[in-house]
Structure formats: structure tokens, C-alpha cells
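Working notes, structure below.
The values are calculated or read from the model by the stated rules, or taken from the named source; none is laboratory data. Given the structure is predicted, the values throughout are model-derived calculations rather than measurements. Heads up, the Cβs are rebuilt from the backbone with ideal geometry, glycines too, and the neighbour counts pull from every protein chain shown. What goes into the accessible areas is simple: the full protein's heavy atoms, side chains included, and nothing from ligands, DNA or RNA. Shrake-Rupley method; radii C 1.70, N 1.55, O 1.52, S 1.80 Å.
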Amino acid sequence: DHINRVAASVARLNLQRSDGREEHIGTAWRLGTDLVVTNRHIVATLVSDPTMDPSLWTLDAGRSCVADFFVTDEPAASGRLAVASLAYCASERAIDVAVLRLQPNGQGFPAPLEVSVDKRRLGQYVDGDVRRFIGTEVYVVGHPLQRLPTLESLKIFGDADGRKRCSPGETTGLQ
């Protein structure tokens with residue numbers, strides 16, 4: 001139930017092409033209000049001039065993008081929201097984060113995901129010993145896409161065709 005609730009707040013970002021088709025470009029997660037968080041390298045495909053400093057980026061009016069929250073193996077449901085603007089983009093290349101603002105459409109937004117900075121939720125070292133860590137179960141929900149799959153991506157995601165997937169794991173340490 002928890003994974004399904006979280007998965008409902010994860011969208012596939014689709015670039016709407018001039019020929020009417022859509023191209024999957026990435027994944028976004030509901031952050032709050034009318035916001036989603038995605039990767040900086042994804043937003044670079046949507047801006048007017050990606051060679052500029054990211055703090056100056058603006059979305060290219062000729063490239064419309066939608067966040068589709070219901071891309072799954074099941075038949076598509078209504079849950080598509082247009083991307084209205086770029087709210088934030090990290091200037092540092094190593095910080096691959098951007099925040100997009102969605103256009104309300106009268107349907108409402110999926111619930112935002114909880115953001116926590118409490119490291120204890122990820123696990124703890126036993127008596128401060130960095131060799132003895134008790135991790136926490138974690139998972140990532142997203143829309144993996146590998147146009148040229150590797151053996152590793154095929155092993156983990158199968159076809160990695162952009163459909164919603166859940167990848168379980170466990171934390172092994174904190175840095």
C-alpha cells in the first residue's frame with residue numbers, strides 16, 4: 001500500500017513533439033504545492049539555451065512538456081499536467097536537481113512526497129563503528145529508460161521501456 005501511494009506521486013515527463021507524438025525524457029516526483037522535482041540534465045532538454053548558466057535557464061516556449069502520473073502497465077488514466085515553468089535549477093553540475101512548476105488543470109495534484117533530512121531514517125552505525133551499519137529498506141520508483149540497454153540495465157529493469165518501476169534495496173552506509 002505504501003509503495004502504491006508513493007508511486008501515484010511519481011510522473012513520467014514527456015516532451016510533446018511537433019508531429020503530435022510524445023517522447024519520454026525523464027521522471028519527476030511531486031514535491032509540494034504545484035511542484036515536481038526532476039534532474040537538471042532532463043530540464044536541459046527543455047530550455048531555450050542549455051549553454052547558459054542554469055540559474056538563467058528558461059523553458060523553451062516551443063517545447064511543451066507534460067507530467068503523466070499514470071503511466072503504468074495498466075490502461076492509461078487521466079492524470080496529465082502540463083509543465084508551466086522552471087522554478088529552480090542547481091547551478092552546480094554535480095547537483096543534478098531541478099524543480100518544475102505544473103499548470104493546474106482542475107483535477108488536482110497527486111499527494112506530494114515527504115522529504116526528510118533525518119539521517120537516522122536511513123540506518124545507523126552500531127556504537128559509532130563505521131564497519132557495523134544497520135541499514136533500512138528503501139525503494140526508488142521511476143520510469144527508467146535505456147535506449148541502448150546494457151547487460152546491467154536489462155538484468156534490473158528488463159526492457160527499461162519507460163513504464164513505472166519500483167526498485168527495492170537497502171542502505172549500506174552513510175557519507
Could you tell me whether any residue of segment 117-132 is closer than 29 Å to Leu46 by Cβ and either modelled with pLDDT under 90 or among the hydrophobic types (A, V, I, L, M, F, W, C) (or both)? yes
Considering residues of segment 94-113 that are open to solvent by less than 70 Å² (accessible area, probe 1.4 Å) and in contact with a helix residue (DSSP H, G or I) (Cβ under 8 Å, 6 or more places away or on another chain) only, the residue nearest to Ile3 (Cα to Cα): Leu113
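Can you find, within segment 6-38, the residue that is farthest from Ala111 (Cα to Cα) among those that are polar (S, T, N, Q) and in contact with a Lys or Arg (Cβ under 7 Å, 6 or more places away or on another chain)?
Pass one, segment 6-38, residues polar (S, T, N, Q): 9, 14, 16, 18, 27, 33, 38.
Pick out the ones that are also in contact with a Lys or Arg (Cβ under 7 Å, 6 or more places away or on another chain) and you get 9, 27.
Numbers: Ser9: 6, Thr27: 16 Å.
Checking each candidate, the answer is Thr27.
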I need the full set of residues from segment 18-52 which are more than 14 Å from the chain's Cα centre (by Cα) and farther than 20 Å from Phe70 by Cα, in order please. Ser18, Asp19, Ala44, Thr45, Leu46, Val47, Ser48, Asp49, Pro50, Thr51, Met52
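Looking at segment 68-81, is at least one residue closer than 21 Å to Arg163 by Cβ and within 12 Å of the chain's Cα centre (by Cα)? Reasoning before the result, please.
Start the filter on segment 68-81 by keeping residues that are closer than 21 Å to Arg163 by Cβ, which leaves 68-81.
After this cut, where a residue has to be within 12 Å of the chain's Cα centre (by Cα) as well, the list is 68-69.
Yes, segment 68-81 contains a residue that is closer than 21 Å to Arg163 by Cβ and within 12 Å of the chain's Cα centre (by Cα).
How about segment 1-43: which of its residues are in contact with a Pro (Cβ under 7 Å, 6 or more places away or on another chain) and exposed (fewer than 15 other Cβ atoms within 10 Å of the Cβ)?
Going through segment 1-43, the residues in contact with a Pro (Cβ under 7 Å, 6 or more places away or on another chain) turn out to be 8-9, 30-32, 34, 40.
Selection gives Gly32 alone.
Among the listed residues Ser91, Ser85, Ser55, Ser116, identify the single one that is within 17 Å of the chain's Cα centre (by Cα), surrounded by fewer than 13 Cβ atoms within 10 Å (Cβ to Cβ), farther than 18 Å from Ala8 by Cα and in contact (Cβ under 8 Å) with a residue 12 or more places away in the chain. Walk me through how you get there before you give the answer.
Details: Ser91 fails: within 17 Å of the chain's Cα centre (by Cα); Ser55 fails: within 17 Å of the chain's Cα centre (by Cα); Ser116 fails: in contact (Cβ under 8 Å) with a residue 12 or more places away in the chain.
Of Ser91, Ser85, Ser55, Ser116, the one residue that is within 17 Å of the chain's Cα centre (by Cα), surrounded by fewer than 13 Cβ atoms within 10 Å (Cβ to Cβ), farther than 18 Å from Ala8 by Cα and in contact (Cβ under 8 Å) with a residue 12 or more places away in the chain is Ser85.
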